[in-house]
Amino acid sequence: MKANPYGSVWDILSPELKIFWKSKIAPLVGYPHHSEIIPETKNHYAWYLGAQPDNAIIKLLLKTFPSYNIHLVNMLVDHERLIGDDSPWVREGKIIFHRLPWYDHSYLDALTTKNQAVDSLVAFQRDLYALFSKRKENNAHSKRVFYCHCMAGRSRSLVETLVFLYFYPSKEELFDFDFWSPETLPPQDLRERLRSNPTFGDLAKFIKMRRRQARNLDNLDGDQGGIIGLLALWNCARWENGFAMNYYDQWPEIKMVEDVKYILRAPLDRGFRTECDGEAQRINLEIAFDKFQKKGINLLLAMVSIFTDHQRAGDKFDINFSKLNPREQAHLAIFMQWLQSQGRDLVPIKYEALHYAKIALSKIHGLTTGDQVELLKIFGREVAETIDCSKVARKILRGNRLDSHNCSIQLAELTSVLLHSLE
């Protein structure tokens, strides 16, 4: 298994030591090991979010829910797990695993070393919904409680919980507050939003109330915010579909953009993305851009500028664009080029995509090798003078975390760009 390119210095600690801290020390200072996010009602089972359970926590869960099976929605890679398939509870059917092995600080699939594809992540939720809902449940011997966890219950499992709630087919059944105890109810205005197709921001605020150590969206580890944006974009492109949610009838469109803007944190280069997932992003962007355009909103403009004066919107976009980090600037420049190449009118954005790509490249040290290769692929000779391809190749070969992730793909991409430039 490859090393985690998003790893941190804390990853050297053993899982046992981390779990000891989460289960024994953290609760003493007001940070519970796990938290109930959705209580059980007549419509569905309960959903918990927490740190990895050890044997003591599993025993506590089984004691708390004596006639229930524990469904562990698990984001851990192999070396992090304390409870495996050889556990007697697993053999007895008391524990059922649902696994998405993500590297810590990211949403990078540890099995493929690629980012989770949006379609597969949505499909994973659909499989869970069939078990979570009580709509067709009549067997008292198959009661369930769902426990979603990563190592700390703060980021990876938070993202999975957000996605689970975001795409849940019936929000009125999910947030059936008539069956909640009064002390667990969120404020009235948030309750209304939760029952009427909430944004990721609404859901994050709700989860934060239930589990205060959960991260804010803006503070998610690694590129996890990117999957939030990609999923929101996926949803925008399908809002007329019965499975997707329709915000347009009830909420300002700008609320949707608050979710989509996180796409700027997703990786650009193919070292992290499958070809199908990258192409799906491009198609979804075009469809969503057109939908917003019909509402009088330039999606790219709204991702960085909340404006009221349309005549000055282009100037404000340039000001706010300059405040983005180089990777976010590169994303937007490439998105502009994609849309302009398909004949989309980006007014009131004042300049061509190349202008903004050069701004990103003016701070080239803030770009990964993959970002630079993607800019070369999209803009070709127009940016080739700014990028030292030999230095890019050396960084890939040197083995520097993000720059060398899936280096064979990175080098193949760079070679392809160079050969194309010679034609």
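Throughout, read-outs are computed from the coordinates displayed, never taken from laboratory work. Since the structure is predicted, the reported quantities are computational estimates derived from the model, not experimental observations. Quick reminder, even Gly has a Cβ in these numbers, built from the backbone with ideal geometry, and neighbours come from all protein chains shown.
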After finding the eigenvalues of the alpha carbon gyration tensor for segment 1-62, what semi-axes result from the square roots of 5 times each, listed largest first in whole Å?
-> 27, 16, 12
Within the set of other residues whose C-beta is less than 13 Å from the C-beta of D189, count the net charge using Lys and Arg as +1 and Asp and Glu as -1.
-> +2
Near-label residues of segment 347-363 by backbone N, under 19 Å of a point 7 Å along Cα→Cβ of H420 | 353-358, 361
Hey, what angle do you get for helix 407-422 against the long axis of the chain, alpha-carbon based, 0 to 90 degrees rounded to 10?
-> 20
Kirkwood-type radius of segment 77-151, with distances r between different C-alpha atoms, in Å = 14.5
Any idea which of A330, Q410, G366 is furthest toward the positive side of the dipole for the chain, if Lys and Arg beta-carbons carry +1 and Asp and Glu beta-carbons -1?
-> G366
With Cα coordinates, the longest principal axis of the chain makes an angle with the long axis of helix 156-166, in degrees rounded to 10, of 90
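Could you list V122, V159, V9 in order of exposure, starting from the residue whose Cβ has the fewest other Cβ atoms within 10 Å?
V9, V122, V159
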Phi angles of segment 106-115, converted by Karplus (6.51 cos²θ - 1.76 cosθ + 1.60, θ = phi - 60°) into ³J(HN,Hα) in whole Hz with x for Gly and Pro, give 7, 10, 7, 5, 5, 7, 9, 6, 10, 5
Exposure proxy check on W234, W89: fewest-to-most Cβ neighbours within 10 Å is W89, W234
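One-quarter of the Cα convex hull surface for segment 263-356, in nm²?
Convex hull of Cα atoms, orientation-averaged projection: 6.0 nm².
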When each pair of different Cα atoms in segment 330-375 is counted once in the 1/r mean, what is the Kirkwood radius in angstroms, to one decimal?
-> 11.0
Segment 50-81 residues near the modelled K143 label - backbone nitrogen below 11 Å, point 7 Å along Cα→Cβ | 64-69
Evaluate Rg over Rh across segment 289-423, taking Cα atoms for both radii and Kirkwood's formula for Rh.
-> 1.03
Could you calculate the FRET efficiency of I364 with R126 from 1/(1 + (r/R0)^6), where r is the beta carbon distance between them and R0 is 35 Å, rounded to 0.05?
-> 0.25
For K255, the aspartates and glutamates lying under 13 Å Cα to Cα, once residues fewer than eight places off in the same chain are dropped, come out as D202
Value of relative contact order over the chain, rounded to a whole percent, pairs C-alpha under 8 Å and six or more apart = 14
Under the 7 Å Cα-to-Cβ spin-label approximation, E36 and L17 lie apart by a distance in nanometres of 3.5
Run through the DSSP bridge list for the chain and note the antiparallel percent, rounded to the nearest 5.
-> 30
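In this model, which of K208/K323; K59/K94; K205/K294; K323/K391; K114/K391 are farther than 20 Å apart at the alpha-carbon?
Check vs 20 Å cut-off fails for K208/K323; K205/K294; K323/K391; K114/K391.
Summing Lys, Arg as +1 and Asp, Glu as -1, what charge do residues with Cβ under 13 Å from the Cβ of R344 carry, R344 excluded?
Working: positive: R282, K291, K294; negative: E286, D290, D345, E352.
Charge balance in the 13 Å sphere: -1.
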Which distance in nm do the two modelled labels at L397 and S322 give, with both placed 7 Å along the Cα-to-Cβ direction?
-> 4.0
Tabulate in residue order the Karplus-calculated ³J(HN,Hα) for segment 45-56, using 6.51 cos²θ - 1.76 cosθ + 1.60 with θ = phi - 60°, rounded to whole Hz; enter x for Gly and Pro.
-> 8, 8, 10, 10, 10, x, 6, 4, x, 9, 4, 5
Quick one: which residues, 5+ away or cross-chain, put their amide H under 5 Å from the amide H of I37? H built at 1.01 Å from N.
-> W47, Y48, L49
P(r) for segment 135-199: what percent of alpha-carbon pairs falls in each 10 Å bin, starting at zero?
-> 17, 37, 40, 6
Rg/Rg_globular for the chain, with Rg_globular taken as 2.2 N^0.38 Å and Rg from C-alpha atoms = 1.04
What net charge do the residues around R215 carry, taking every other residue with its C-beta under 11 Å from that of R215, with Lys and Arg at +1 and Asp and Glu at -1?
-> +3
Shape of segment 91-216 from its Cα gyration tensor (a ≥ b ≥ c, root eigenvalues): rounded if a/c is under 1.5, otherwise prolate when a/b > b/c, or oblate?
-> oblate
Cα Rg, Dmax, segment 12-129, angstrom units | 15.2, 44
Taking neighbour Cβ counts within 10 Å as the exposure measure, how do S120, S14, S23 sort from fewest upward?
-> S14, S120, S23
Taking amide H positions as placed in the peptide plane 1.01 Å from N, state which residues far from R144 in sequence (5 or more) or on other chains have amide H under 5 Å from it.
-> N69
